[in-house]
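Worksheet for the structure shown next.
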Amino acid sequence: MDTRRHPLLVLLCTVAALSGTRSPVAAAGRSCADTRQVYAEKGYSTGTAPLTQISGEHLRLCPQDYTCCSSQMEETLALQSERDFLKTVEDNSQFLLTTFTQRHRRFDEFFRELIDLSEKSMNQMFTKTYGRLFTQNAHVFQELFVELRRYYSGGSVSLTEVLSDFWSRLVERVFSLVNPQYQFSEDYLECVSKHAEQLQPFGDVPRKLRVQVSRAFIAARALSQGLATGRDIVNKATKLTADSECTRGLMRQWYCPLCRGMPSLRPCHPLCLNVMKGCLANQADLDTEWNNFIDALYQVSEKLEGPFNMELAADSISVKVSEAIMHMQENSVTISTKVFQGCGSPRPVPGRTRRSPKESGGNRRPFRIYSPEEKPTTAAGTNLDRLVTELKERLRPMRGFWVSLPHTICSDDKMAADVTNEDRCWNGQTRGRYLPDVTGDGLVSQINNPEVEVDIARPDVRTRQLIMELRVVTNKLRHAQSGQDMDFMDSEEGSGSGGGDHSERYNDWPGYGPYSPSHNNAPLNPVSNPAKPPRVRERNGSKWNRNGRARSSSSQLTYSLFPLLSLPFVVILAPMWR
C-alpha cells in the first residue's frame, strides 16, 4: 500500500502506537499462541480457542476489543477467577486457622493434664499420709475433680457451688473423725455443714483456694473457648461466595489481559485493591470487633502466666486441702464446742464414756501438712509460660487482618503488578496507568468503587452474626480478666474477692453477735434460722436403714470407722497418720 496516498492511515497508526493500543489492522490476525498455551496449562481444552485474534463483540466481561477468547473461554476463565480468589483468601488466612486450631489443642491438652495431675498428686499424697481413712473418703475428692473437669469443658457448673459443696462434705467427715466418741446422725452432720461457712473450721483456706482456683479456671476456660471461637470464626469468614459483580471485577483484572493476548501482564496495584476491597467489603467490617477479640485473648493469656496461673492453682489444691484439714484438727476443741452449742449435744457411742470436747480434741494430730519432698511434681514436661509466650507471638500479627487482607493479596506479584510499575500494568482496558482512586475499607466505603458494584444498603447477614459472636466471646474474655464468669455473674457476684463479713451475715451462733454465750447461755435451735440453705445429699452410696430413711454415705462412713476409732485413739492413729 502506498502510504503517500493515505496520510490519514499513517496518522492513525502513529497515534495508536503512542497511546499503547493496537490498530484494528494490526490487531486482526495477531497470533493467540501465548493465550492458547496458558489456557491449556490451566487444564482447559483449546478446541474453542481462536488461533488468531477475532472481534470481541461477543464478550460480556472483558473489553469488546479484538480478543483471543471465545464466549466459552470467557465463562470458563470467569469461574477460574472466582476459584483463584477463594483459594487466595484461604491461603492468606491459613496461618490464622492453623494458629487457633493448634493453640487450642495444645492449651486444652495442657489444662486437662494439669487437672489430671492435680488429682493424681492428691491421691498419692493423701494415700501415703492418711492411708485407709483417705481411701474410704476418696469419692469426696473424686467428685471435686469431676466437677472441675465439667466446668472447664464448658458445663453449666458454678465453681463457687462446687467448692462450697466439697468443703461441706469434707467438714462432715473430718468432724466425725475428730470426735470418734460420738455418733452423729445425718441431720446432725447436715447442721454442721450448714454452719461451716460461719464456723470457718478450715480457717481462711477455703476462701483462698476459691479465689485462686476460680480465677485460674475461669481464665483457662475463657482462653480455651476463645481459641475455639477464633478458629470457627475464621472458618466461617473465609467460606466466601463471589457474587456476579465481584466475579466481573476478578475476571477483568486477572484474565482479561489473557484474552487480549497479553497473558504476562499483571493488573495495576490500585486496580487490584479496588477489586479486593469490593469483594471483601463485609470481611473488612469485622475489623473493630476482631481487634478487640485479639486484644482480649492476649490479655487473658498474660493473666494466665501471671496472677491467674492455672499451673500453680491446680498444683496447690492438694496442699491447700491438707492445710485446711490440719487447721480443723488443731482447732477441733473450739469448733466442737461451738457445734455442740449450736446443733445440740450428740449421742455418745454406746459402751464408751463420754468425753469433753477438750478430751476428744486434745492434742491429737491425725492430720499433717505435707513436706516439699513428699509432694509429687505436677505438669511434668510442660510449661505454661512457654505456651503463653508462643501464643502471644502469634496473636500480634493478627490485628487488622481483615482490613489488610486486600493489601496482602495485591502485594503478591502473582496477583498484581508492583506498586512501582504504574505505567506497565493492566489498567482494566489496556496496558497503562490506573487513574481512579483507591476506595476506603468496609461496606459503606464501596459506594464509589469503580470496579465492583456493591449494594451498601444490604449488609451481609452472616457477617453481622460473626460480629455478634466476636462481641460475646470478647465480653467473656474481658470478664475473665477480672476473675468473673459471665455465665454465673448473678450467683457468684463478689466471689473473686472472697465474700463478705461473716460476723454480719451470721449472728445466730455461739461466739457471734448477740447470741454469743455471754449474751445468751441457752442452746440454739439451728433449724430455726440456718446460715446456709440445705444442700442436696450425695447421690452415691446411700442406703436405707430399718426405718426406711435414706442414710448418706457420710453417716455410713462414721459408723464404718467406729470399730477402728473406738479403740484408744492415740494408740491406733499415731502410726497411721504420721
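The values are calculated or read from the model by the stated rules, or taken from the named source; none is laboratory data. No experiment lies behind these values; they were computed from the predicted model shown. All Cβ positions, even for glycine, are placed from backbone atoms using ideal geometry, and neighbour counts span all protein chains on display. Protein only, heavy atoms only, side chains kept; ligands, DNA and RNA dropped before computing areas. Shrake-Rupley method; radii C 1.70, N 1.55, O 1.52, S 1.80 Å.
How much length is gained on full extension from T48 to A457, taking 0.36 nm per residue of separation minus their Cα-Cα distance? Don't skip to the answer; put the middle values down first.
On the way: separation 409, 0.36 × 409 = 147.24 nm, distance 4.07 nm.
Once the chain is fully extended between T48 and A457, it gains 143.2 nm.
Hey, if you put +1 on the Cβ of every Lys and Arg and -1 on every Asp and Glu Cβ in the stretch 133-198, which of Q142, P180, S193 ends up farthest toward the positive end of that dipole?
Value computed over the given set: Q142.
Work out the P(r) tail for the stretch 34-108: percent of alpha carbon pairs separated by more than 14 Å, whole number.
Roughly 69 percent, rounded to a whole number.
Once you sort the root eigenvalues of the Cα gyration tensor of the stretch 217-323 as a ≥ b ≥ c, which label holds: rounded (a/c under 1.5), prolate (a/b larger than b/c) or oblate (the other case)?
Details: a/c = 4.37, a/b = 4.10, b/c = 1.07.
Prolate.
State whether the stretch 155-262 is rounded, prolate or oblate according to the following rule on the C-alpha gyration tensor (a ≥ b ≥ c being the square roots of its eigenvalues): a/c under 1.5 gives rounded; otherwise a/b larger than b/c gives prolate, and the remaining case gives oblate. Before the final figure, lay out the partial values.
Numbers: a/c = 7.61, a/b = 5.42, b/c = 1.40.
Cα axes put the stretch 155-262 in the prolate bin.
When only C-alpha pairs under 8 Å and at least 6 residues apart count, what is the relative contact order of the stretch 16-172, in percent?
11 percent.
Whole number in Å², please: accessible area per residue of the stretch 132-225, 1.4 Å probe, ligands, DNA and RNA not counted.
Per-residue value: 28 Å².
Express in nm, to one decimal, how much length is gained between K236 and H407 on full extension, taking 0.36 nm for each residue of separation and deducting their alpha carbon distance.
59.5 nm
How would you order 416-425, 316-325 from highest to lowest mean count of nearby Cβ atoms within 10 Å? All intermediate terms of the calculation are to be shown ahead of the outcome.
Values: 416-425: 16.1, 316-325: 21.3.
Averaged packing, sorted descending, gives the order 316-325, 416-425.
Suppose R0 equals 35 Å. What FRET efficiency, 1/(1 + (r/R0)^6) with r the Cβ-Cβ distance, do V38 and V444 give to the nearest 0.05?
0.40
Solvent-accessible area per residue for the stretch 243-282 at a 1.4 Å probe radius, Å²?
Each residue of the stretch 243-282 exposes 24 Å² on average to a 1.4 Å probe.
If packing is taken as the mean number of other Cβ atoms within 10 Å per residue, what is the order of 177-190, 129-142, 207-220, highest first?
Output ranking for 177-190, 129-142, 207-220: 207-220, 177-190, 129-142.
Given 0.36 nm per residue, what is the gain on full extension from A138 to E330 after removing their alpha carbon distance, in nm?
Length difference between fully extended and current span is 66.9 nm.
Sequence neighbours fewer than 8 away in the same chain don't count; with that in mind, list the aspartates and glutamates whose C-alpha is under 17 Å from K392.
D108, D295, E302, E305
What accessible area per residue comes out for the stretch 42-91, rounded to a whole number of Å², with a 1.4 Å probe? Walk me through the intermediate numbers first.
Working: 2440 Å² over 50 residues.
Averaged over the residues of the stretch 42-91, the accessible area is 49 Å².
Let me see the P(r) profile for the stretch 399-479: every Cα-Cα distance counted, bins of 5 Å, each bin given as a percent of all pairs.
Going from the shortest bin to the longest, the percentages are 3, 11, 13, 20, 17, 13, 9, 6, 4, 2, 1, 0.
At 7 Å along the Cα-to-beta-carbon direction for both D204 and R386, put a label point, then send me their distance in nm to one decimal.
3.6
Computing the accessible area with a 1.4 Å probe over protein heavy atoms, can you report the carbon and sulfur percentage for the stretch 75-227?
Ligands and nucleic acids excluded, carbon and sulfur give 48 percent.
Could you pull out the GluC sites (Glu not before Pro) across the stretch 46-136 that fall in loop regions by DSSP (anything but H, G, I, E, B) with no more than 14 other Cβ atoms inside 10 Å? Provide the component values of the computation, followed by the final result.
On the way: sites: E57, E74, E75, E82, E90, E109, E113, E119; in loops: E57.
Filter output for the stretch 46-136: E57.
Applying a 10 Å radius around every beta-carbon, put 44-53, 338-347 in order of their mean neighbour count, most first.
338-347, 44-53
Work out the FRET efficiency for M486 and R396 from their Cβ-Cβ distance, taking R0 = 30 Å, and round it to the nearest 0.05.
Calculated transfer efficiency: 0.70.
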